[in-house]
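Here the structure comes first, spelled out in C-alpha cells, and everything after it is commentary.
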C-alpha cells in the first residue's frame, strides 16, 4: 500500500467480489443511508449520532460537503460495503490529529477490506500533514479493539464509566491512537 493517496476510483478483488474504492460525496446520501441502516444495531450504537434519524444522515453529509469529514467508501454492485472516515479539526492545538471511524458489512469482515480502507485513510492523513489518528470505543467492543490493534493502534487511555451501553449500564471508554508519521506499508 502506498503512503500517498491514490487517484480514485480504483478497484480490487476481495474473495469473489470486485470492490471499487472512492471518496464519498454528498450525493451518496441515500446509498450511505441504506448501508448504515443495514448494519447490526450494535455496530451503530456508539456512533456520535443516531443514524436512524434522517437529520443525522444530513449532518453526516454536511461534514462530507464541508470537508471536515473525508470518507473512503468501498462499493460492490452499487452498494456500499464499508467506509472509513477521517474527521479533522481546524483548532490550532489539535489540527495535527484526526479521528478515524470505520465500519464494514458483516459479509465482508475478515477479508481485509477494513485494513484496505484504513490504509487509504492513513495515506490521506499523512498527505494532509496529520501526525496522529485516534479512535474511541467502549471497552466491551473487543472485536473493534482487536481490529484497531491489528492496524497498529495502541491503547492510550481508559476513561472509567464514561459511556452507557444499550442496557443503561456504564462502561469504560477506550481511546486508541496510531502514529501516522511512522506509517510505512
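So, in region 146-160, exactly how many residues are modelled with pLDDT of 90 or more and loosely packed, with under 11 Cβ neighbours inside 10 Å? Residues meeting the conditions: 2. Would you confirm whether or not region 169-177 contains a residue that is out of contact with any helix residue (DSSP H, G or I) (no Cβ under 6 Å at 6 or more places or on another chain), at pLDDT 90 or above, surrounded by fewer than 20 Cβ atoms within 10 Å (Cβ to Cβ) and in a loop (DSSP other than H, G, I, E, B)? Yes, region 169-177 has at least one match.
Would it be correct to say that residue 117 is in a loop (DSSP other than H, G, I, E, B) and buried (at least 18 other Cβ atoms within 10 Å of the Cβ)? Outline the logic, then answer.
Working: in a loop (DSSP other than H, G, I, E, B): no; buried (at least 18 other Cβ atoms within 10 Å of the Cβ): yes.
Spelling it out, it is not the case that residue 117 is in a loop (DSSP other than H, G, I, E, B) and buried (at least 18 other Cβ atoms within 10 Å of the Cβ).
Scanning region 5-25 for residues that are under 25 Å from residue 136 (Cα atoms), surrounded by fewer than 16 Cβ atoms within 10 Å (Cβ to Cβ) and in contact with a helix residue (DSSP H, G or I) (Cβ under 8 Å, 6 or more places away or on another chain) gives a single hit, 25.
Among residues of region 140-168 being touching a helix residue (DSSP H, G or I) at 6+ places or on another chain (Cβ under 8 Å) and in a loop (DSSP other than H, G, I, E, B), the one that is farthest from residue 112 (Cα to Cα) is 166. Is there any pair linking a residue in region 145-161 that is closer than 13 Å to residue 122 by Cβ to one that is outside any strand (DSSP E or B) and modelled with pLDDT under 95, with Cβ under 7 Å and at least six apart or on different chains, and which? As it stands, the answer is 151/115; 151/118, since those pairs meet every condition given. Based on this model, can you work out whether residue 143 counts as at pLDDT below 90, out of contact with any strand residue (DSSP E or B) (no Cβ under 9 Å at 6 or more places or on another chain) and crowded, with 20+ Cβ neighbours inside 10 Å? So residue 143 fails the test.
The values are calculated or read from the model by the stated rules, or taken from the named source; none is laboratory data. Computed from a predicted model, the values in this text were never measured in an experiment. Don't worry about glycine lacking a Cβ; one is built from the backbone with ideal geometry, like all the others, and counts go over all protein chains shown.
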